């Protein structure tokens, strides 16, 4: 019994949902069925949203727990940093909840969870710049990565380097000064070999996805459950 | 050779669907939706049946030798090396919600994680699994636990150290992962899953501490960064094959033969289409044909 | 011998590369060099298409990018907006993402000169964030007023003169999608172009360019402006030099720096490899 | 009197500089910026979660309870499933969380299985069926390359079905064709990788330009002070390690 509820029921849920969502997507039985399906489909994606939201809340608790534990274990060296994280997490949630409260208490004010003024301030002045900074730190990384990646170790690496140099000249105005042909050569590489190169990868990724779907359907893929029972 | 029952049923199902399709087609009945071309449905169906047939055959003892995937074999080496150096192993498989169409890639990442966890148990390596997928925190904990317990090293399992859910926000996750890689001075950095712009962040952070790096994703735009920067990489569909290899189960592994069937179907359709163009027949139109009458 | 290796060490250190990289990007922004630029056929095509629009035409512009993508997309958006306003077009802006709202306000601020003599509600409207992804795109194509009732600033759409002229996809003479992602282009192709045949124009990041190329190839879009280069070219065409041009200089210097380091990397690598081979022979 | 706006701009500039400092070396100020970022991000994602719950569940249930219970009564199920996520803290009932994961995973996989056959397979195949003969030589060469690289790449990925070379015997024609396609595939893909990699440099530089214009240029002094502080932190960190 216990194995049934622990292992089989979740897998039955998976198979049933995959079969239903995929089969009714392709099949057309009648207008009513199609209508019912799209309603059910919409509801199911809402289900997923609700479940994800709960998962995010559980995740938030996990983050808090993780940092409390770190303070306990690593003491003063870590405490200031973890305290900052915990404090900001709670602050953001509190401001959000205040906005939530006002969205019901005073709907005319137009304040919602994400538009609460202090919440917005933290978002625009702390979250957004940090987010953008981490994204753009990639400019450093791509520079040091190309330093290593384009070392000519073998003929294949030479081909890589030649392609990269053409693209880099083609992308910049200085390349056009050196030889105007770089731009059209760059365009050709991007439209012909580049497109062709990613096509088999796209097809393969699709095939892999389908086969993994099959493994989930037939209960062969169990890693998502964690423990093997 | 007597065909097993499952195979017969699967093939019979395929035949029945095909017959019904032909009949309804000749009767001009709207059986399939107009959302997708009929060829897509057919290819999906054939692949599912083919994969199932291969798995059944494997269950009856037929074996399908698989070519070497160097990146997969390198995982063990990477872990053994970091144990020698006394450094932990880091692995991560992405951020976001599992209810998106990236779900299969997360599952492939979890499969590799399970393999890594078992090897870490075997060699006694300290594993740090970071993640940004809120739904599978518990799963990840279970996988790591299983890895250590099955190898008889329960003392190494410490969920607060081994499993670190960071956040599901892309770059916050990325910033914490790069910091983890550098601060914990990891010896091996294994990243398999659906990655976006953060892929290169992980690779460069690993490079800062000189970690042995194995990376893979099926997201086309990020593959170059993994291939050119990591020591070993899984390209595209290889991550799904890695997931199957990691299970260590012959039947599961047999399913990847269906991917080959799919590739052959693609090659044949392309070649056929090109040849047919000579005769002025457009295969593209048939492939794009949507089940629609009137 | 040791001198060469230590020189290699210094050149190999990422700190040096990073510092030079920062300088190579920031200095040209402060003091533009003004490297001349050649107009590509693709940008010229887009320009010619817009040039043919008649005064009083209506254009819908989807603003879908986060702040980090601003450097590449905003100059395009500004140059296009200038061109469209010059042609006497009226523009409805909208965003399918919440960060589009921030992007629009920044764009509005940095292109203040364009909006100076334009009247909100008559010459342009910003619908704000429209939730719902592809479903919302489909719904907008059927009826904007049926999808949302107020604009970004809380005005009722019925009260805005411009919104009396337009409501559905076919009311627009051109739809411009300025996006940092890939999906949104497909939304508009599927929901606006395929059913209603509205001409689309794509403005994309240079990384995204190749993946939306097929749409342009299949004539589902009239053209595309990709990255800062297209922005710089368009700025030249419409005669309002701005961030696009300055950025192209920064792009040139930083690319040359990276190329120089690739060369250094190869020299260091080969000198090491050759010297170790010689050492082995001894 | 410092306004909130100015303070915000300073904080933004400092955060950007400190995050960049990690590229040079990990230091205490990066750690601070990282933890600030993590805290806000975690709080933000919880707020977003509350917002989605509010949008799909609570608002309809509160504002129009009649229609909500008539049409959307089944939303109780995901709520229960969501609450089951908390079972992960239990040693005995940890498996209850799987039910929720199962639903989400199935939804995701279902979405993938719908999109993939068309987008990843049929569309790609139809795009590759190109005329290999014609009057325009440039186009013909391009089409040949397109078809050969695509087919070659597909052969490169073959896992279980491919011709093997028998030791001692001369390679069979099938094997030779396979190897040729294999190499066309891998070289073609390398060109693609090099091109995409180099092309991305442009976008990344573009991002740096944006960041500089938005956060650093308006707050030059804040940025410089932050940079000096970061340099001190890096040096101090290095000294302490030694």
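Brief remarks on what is shown
- Relative to the longest principal axis of the Cα atoms of chain B, the long axis of helix B:5-26 makes an angle of roughly 50 degrees.
- Take each residue of peptide D:135-146, count the partner chain Cβ atoms within 10 Å of its Cβ, and average: the result is 2.
- Antiparallel bridges, percent of DSSP beta bridges restricted to chain C (to nearest 5): 5
- Of D:20, D:182, D:93, the one that fluctuates the most in a GNM where chain D has Cα springs shorter than 10 Å: D:93
- Label positions at residue B:26 and residue A:115, each projected 7 Å from the Cα along the C-beta direction, are separated by 6.2 nm.
- Helix-only [θ]222 nm of chain C, DSSP H runs n ≥ 4, -39500 (n - 2.57) each, per residue, nearest 500: -17500 deg cm²/dmol
- Theoretical ellipticity at 222 nm over chain D - DSSP helices of four or more residues, -39500 (n - 2.57) apiece, nearest 500: -24500 deg cm²/dmol
- In chain A, the inverse of the mean reciprocal separation of distinct Cα atoms equals 24.6 Å; this is its Kirkwood hydrodynamic radius.
- Separation of alpha-carbon centers, segment D:13-71 and segment C:159-215, rounded to whole Å: 30
- Evaluated at q = 0.16 Å⁻¹, the base-10 log of the normalised Debye intensity for segment A:1-73, with identical point scatterers placed on the Cα atoms, takes the values -0.80.
- Length-normalised contact order of segment D:75-129 in % [C-alpha pairs under 8 Å, at least 6 apart]: 22
- Its residues counted as N, chain C yields a C-alpha radius of gyration over 2.2 N^0.38 Å of 1.24.
- For the listed peptides D:27-35, C:162-170, a ranking on the average number of other beta carbons within 10 Å per residue, highest first, reads D:27-35, C:162-170.
- Model label zone, residue C:54; criterion: amide N under 18 Å from point 7 Å along Cα-to-beta-carbon; scope segment C:142-178: C:165-167, C:170-175
- Principal-axis tilt of helix D:137-156 within chain D, Cα atoms, nearest 10 degrees: 80
- Packing-based ranking, highest mean first, of C:245-257, C:78-90, B:99-111 given that Cβ atoms within 10 Å are counted: B:99-111, C:245-257, C:78-90
- By average C-beta atoms within 10 angstrom, highest first, the peptides A:136-145, A:101-110, C:100-109: A:136-145, C:100-109, A:101-110
- Extension gain, residue A:19-residue A:105: 0.36 nm per intervening residue step, less the Cα-Cα distance, totals 26.6 nm.
- In degrees, nearest ten, helix D:173-211 long axis to first principal axis of chain D (Cα): 30
- Kirkwood-Stokes translational diffusion coefficient of chain D, alpha-carbon pairs, 10 °C, 1.306 mPa s, µm²/s: 62
- Compactness relative to 2.2 N^0.38 Å, alpha carbon Rg of the protein assembly as shown: 0.92
- Ellipticity at 222 nm from helices only: DSSP H runs of n ≥ 4 in chain B, each -39500 (n - 2.57), divided by the residue count, give -18500 deg cm²/dmol.
- For chain B: span of alpha carbons on each principal axis (Å, largest first): 68, 43, 34
- Once the Cβ-Cβ distance of residue C:182 and residue B:285 is raised to the sixth power relative to R0 = 30 Å, the FRET efficiency obtained is 0.70.
- R0 of 45 Å, Cβ-Cβ distance residue D:239-residue B:271: FRET efficiency to nearest 0.05: 0.10
- Gain in span if fully extended, residue C:87 to residue C:116, counting 0.36 nm per residue against the direct Cα distance: 8.8 nm
- Alpha-carbon gyration tensor eigenvalues x 5, square-rooted, for segment D:110-242, Å: 50, 24, 17
- For the residues of C:27-35, the average number of beta carbons from a partner chain within 10 Å of their own beta carbon is 2.
- Per-residue average of Cβ from other chains inside 10 Å of D:80-88: 6
- Placing R0 at 45 angstrom, the Cβ-Cβ distance between residue D:133 and residue C:263 gives a FRET efficiency of 0.60 after rounding to 0.05.
No lab work stands behind these numbers, since they all come straight from the coordinates. Computed from a predicted model, the values in this text were never measured in an experiment. Note that each Cβ is placed from the backbone with ideal geometry, even for glycine, and that neighbours are counted across all protein chains shown.
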